[in-house]
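These notes concern the structure reproduced below.
The values are calculated or read from the model by the stated rules, or taken from the named source; none is laboratory data. Nothing here was measured: the structure is a model prediction, and the numbers come from that model. Side chains included, ligands, DNA and RNA excluded: accessible areas come from the protein's heavy atoms. Shrake-Rupley method; radii C 1.70, N 1.55, O 1.52, S 1.80 Å.
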Amino acid sequence: MESKIPISVAIITKNEEANLPRCLASVSFAKQVVVVDSGSTDGTVDIARSFGCDVYEEPWRGGFGIQKQLAVDRCCEPWVLVLDADERLPEETVDTIIRVVTEGDPDVMGYSFPRKNFFHGRWIRHAGWWPDRVVRLFRRGCGRMSTALVHEGVEVDGKVMKLECPIEHFTDGDLARILQKIDRYSTLGAKTAFSEGKRATIFGATVRAGWTFFYDYVFRFGFLDGEPGLTLAVTDAINKFFKYAKLARLCREKLEVEE
């Protein structure tokens, strides 16, 4: 592309050498790409630098929202696009972003996209995985990341318009890494719930996990996504169990201290 568009792309990374090249290739139209890395031990940082990114190495600050805000704060262009390293933009989305940034409604402060999630090579269309709409593009100074430890989002001050072109998300299919992710996310989720005054028991965690599987796989038609749909329903249920089991442990620990 001969000329760059006045957009900054904000990405956080840790050991993303397998995903990052395709992500960065899809945003080659952007004038600035900011990568905030939190201790990668693979080739992530070298890959980011080879693509001409502005790379910053920062320790993990305890939550995804806070970490992503570090990248947003270093963005200099009039528009900011937030992406994950395992996401990429198809050509139709690139064309739409260029159009709305250069010719769009001046009253619109942000844009949302449907997110097209792929797992084991299959586009997952059920159990809440589609359209999975997310706000990712906003005018600099009019949006920021929520402070959520996990499941963070962009908060925009002003009008947000829906776009129909997707962001593609290629979620990790390695079961060992999925279990590591469940452990991390369930811990953050439990801490968030505990800070909000929520309580749980092991029995309640078991019931929630069972209902989550049934709801995802049957009520929301996860079975129509074949084997990947079954795997995702099971992992969602496991994540829900450990989140509330960890919350129950935090509640017990608090009672022990008070006694």
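Can you give the accessible area per residue of the stretch 16-159, in Å², using a 1.4 Å probe?
I get 45 Å² per residue for the stretch 16-159.
Kindly identify the stretch 18-88 as rounded, prolate or oblate by the Cα gyration tensor criterion: order the square roots of the eigenvalues as a ≥ b ≥ c, call it rounded if a/c is under 1.5, otherwise compare a/b with b/c, prolate if a/b is larger, else oblate.
It comes out oblate by the Cα gyration axes.
Once fully extended, how much extra length lies between Tyr215 and Arg199, figured as 0.36 nm per residue of separation less the alpha-carbon to alpha-carbon distance?
Going from the current span to full extension adds 3.5 nm.
Given 4 °C and 1.567 mPa s, compute D for the stretch 106-259 with the Stokes-Einstein relation, Rh being the Kirkwood radius over Cα pairs; round to the nearest whole µm²/s.
It comes out at roughly 75 µm²/s.
Tabulate in residue order the Karplus-calculated ³J(HN,Hα) for the stretch 91-96, using 6.51 cos²θ - 1.76 cosθ + 1.60 with θ = phi - 60°, rounded to whole Hz; enter x for Gly and Pro.
4, 4, 6, 4, 4, 5
Just to confirm my numbers, what's the Cα centroid distance between the stretch 128-170 and the stretch 1-69 in Å?
18 Å
Give me, ordered by chain and number, the residues 5 or more places off Gly143 or on other chains with an amide H under 5 Å from its own placed amide H.
Asp157
Of all DSSP beta bridges located in the chain, what percent are antiparallel, nearest 5?
40 percent
In whole Hz and in residue order, list the ³J(HN,Hα) couplings for the stretch 47-53 that follow from phi through the Karplus curve 6.51 cos²θ - 1.76 cosθ + 1.60, θ = phi - 60°; x for Gly and Pro.
Values, residue by residue: 5, 4, 5, 5, 8, x, 6 Hz.
Just check the chain against the gyration tensor rule for me: Cα atoms, a ≥ b ≥ c as the square roots of the eigenvalues, rounded for a/c under 1.5, and otherwise prolate or oblate depending on whether a/b exceeds b/c.
Note, shape of the chain comes out prolate.
Output the antiparallel fraction of DSSP beta bridges having both residues in the stretch 116-246, as a percent to the nearest 5.
That works out to approximately 60 percent antiparallel.
Greater than 26 Å separation of Cα atoms is the criterion. Which listed pairs, Lys116/Lys191; Lys159/Lys240; Lys181/Lys246; Lys162/Lys191; Lys162/Lys246, meet it?
In this structure, Lys116/Lys191; Lys159/Lys240; Lys162/Lys191; Lys162/Lys246 exceed 26 Å between Cα atoms.
Sequence-distant or interchain residues sharing an amide H contact under 5 Å with Val134, placed H: which?
Correct list: Phe113, Arg115.
Enumerate the calculated ³J(HN,Hα) couplings along the stretch 238-248 in order (Karplus 6.51 cos²θ - 1.76 cosθ + 1.60, θ = phi - 60°), each rounded to whole Hz, writing x wherever the residue is Gly or Pro.
4, 4, 5, 4, 5, 4, 7, 5, 5, 5, 4
Based on the Cα coordinates of the stretch 1-143, what is the per residue volume of their convex hull in Å³?
Measuring per residue, one finds 124 Å³ for the Cα hull of the stretch 1-143.
With n ≥ 4 as the cut-off for DSSP H runs, can you work out [θ] at 222 nm for the chain, using -39500 (n - 2.57) per run divided by the number of residues, rounded to the nearest 500?
Computed ellipticity for the chain at 222 nm equals -13000 deg cm²/dmol.
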